[in-house]
Amino acid sequence: MPHLLILGGTSEASALAAACAAHGVAATLSYAGRTKAPAAQPVAVRIGGFGGVAGLTEHLRRERVTHLVDATHPFAAQMSGHAVAAAAAAAVPLLALTRPAWVAQAGDRWTHVPDIAGAVAALDGPARRVMLALGRMHVDAFAAQPQHHYLLRFVDRPDRPPALPQHDLVVDRGPFTPAADRALIARHGIDLVVAKNAGGSGAAAKLAAARDLALPVLLIDRPMLPARAEVHDVAAVLTWLGHAERGV
Ligand code: NAP
């Protein structure tokens, strides 16, 4: 019997957990523990880091994990690197369930930057009203450009105020729509959007809104990851596990 460990924190991981429950596949969903109240899941859940590559390797062995699925966010590069190394060390097959990166469409005004530091550097210049669609772990880096007024949107209210002198904070976990994001952007008089190239549909609303409003976007490219097998949908994971998808 397969025993799947799903590295989560994404809607894809939750969708895979639901499919496993529906197919009677034993699965455990792992969260880093960044979100205060993760959504209820129909499979076992564990929370917290493993303790690096060694800790994850030991966990795979101890829990007799037969298959590892990395369904973390494409920017969770450390966890994904650890998954590749630990899967090899414990001889457990690994598959990544990822979202294809977003690709510019007609009307998009994207400037690509390689990382957060690149986005901070690109904001050198006169004061603007910037939507920072980044999540709370990365916004403090933008304190280096304090001349801007920032609009932040977090999943949870932060324990301490963000280190940005001028900001508005919206607490909302989505899913977001282009119409609602257009209204949010207009209400805050935003003239630039900063986002990570996360991919997926829910998080794309802000980019569709920026396109509709002809706003420029600073788009942070994905981090480089070690080579691994990758699929983009839950059905492909079930096929890999030897379970054909039956309309779940
Ligand atoms: P990261 O930098 O790649 O990981 C840092 C450490 O957090 C890892 O080394 C691991 O600790 C622990 N960790 C990460 N994901 C874990 C998981 N699913 N289960 C158990 N431990 C995990 O990751 P991050 O960027 O901080 O992201 C943390 C979580 O938030 C991920 O699960 C990711 O899917 C989710 N998320 C991230 C982003 C983003 O933009 N980065 C956006 C949305 C959601 P140990 O070394 O101790 O094992």
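The values are calculated or read from the model by the stated rules, or taken from the named source; none is laboratory data. Please read all numbers here as calculations on a predicted model, not as lab measurements. Quick reminder, even Gly has a Cβ in these numbers, built from the backbone with ideal geometry, and neighbours come from all protein chains shown. We work out accessible area using only protein heavy atoms, side chains counted, and drop any ligands, DNA or RNA first. Shrake-Rupley method; radii C 1.70, N 1.55, O 1.52, S 1.80 Å.
Odds and ends about this structure:
- With the highest mean first, a sort of the peptides 30-38, 99-107, 75-83 on other beta-carbon atoms found within 10 angstrom per residue produces 75-83, 30-38, 99-107.
- The value of relative contact order for the chain, using C-alpha pairs under 8 Å at least six residues apart, is 21 percent.
- Whole-angstrom Cα spans of the chain along principal axes, big to small: 59, 37, 32
- When the alpha carbon coordinates of segment 109-220 are projected onto the principal axes, the ranges are 31, 31, 25 Å, largest first.
- Take the Cα of Ala26, step 7 Å toward its Cβ, do the same at Ser201, and the gap between the two points is 3.3 nm.
- Using a Förster distance of 35 Å, the FRET efficiency for Ala144-Asp212 (Cβ separation, nearest 0.05): 0.70
- Distance between modelled label sites at Arg109 and Ala18, nm, 7 Å Cα→Cβ extension: 3.7 nm
- Near Ala86, once Lys and Arg are set to +1 and Asp and Glu to -1 for all other residues with Cβ below 13 Å from its Cβ, the sum equals 0.
- Based on DSSP H segments of at least four residues, each scored -39500 (n - 2.57), the chain has a per-residue ellipticity at 222 nm of -8500 deg cm²/dmol.
- Chain lengthening between Gln166 and Arg61 when straightened (0.36 nm per residue, less Cα-Cα): 32.9 nm
- Centroid-to-centroid, using Cα positions, segment 35-67 and segment 82-108 are 18 Å apart.
- Overall, the anisotropy analysis places segment 186-248 in the oblate class: the square-rooted eigenvalues a ≥ b ≥ c of its C-alpha gyration tensor yield a/c not less than 1.5, with a/b not exceeding b/c.
- With every protein chain in place, segment 109-220: carbon and sulfur % of accessible area (1.4 Å): 56 percent
- For Arg182, neighbours were defined as the other residues whose beta-carbon sits under 11 Å from its Cβ, and their charges (Lys and Arg +1, Asp and Glu -1) total +1.
- Within the chain: Cβ-based charge dipole about Cα centre, in debye rounded to nearest 20 (Lys, Arg +1; Asp, Glu -1): 340 debye
- DSSP assigns beta bridges within segment 103-248; of those with both partners inside it, close to 0 percent run antiparallel.
- Label-to-label distance, nm, for residues given as His3 and Ala77 (7 Å Cα→Cβ offset): 3.4 nm
- Computed from the C-beta positions of Ala122 and Ala88, the FRET efficiency with R₀ = 30 Å rounds to 0.20.
- For segment 109-220, the relative contact order comes to 34 percent (Cα pairs under 8 Å, sequence separation of at least 6).
- Solvent exposure of the chain, expressed per residue, is 47 Å² of accessible area, with all protein chains present and a 1.4 angstrom probe.
- Anisotropy class of segment 113-155 from Cα gyration tensor, a/c 1.5 cut: oblate
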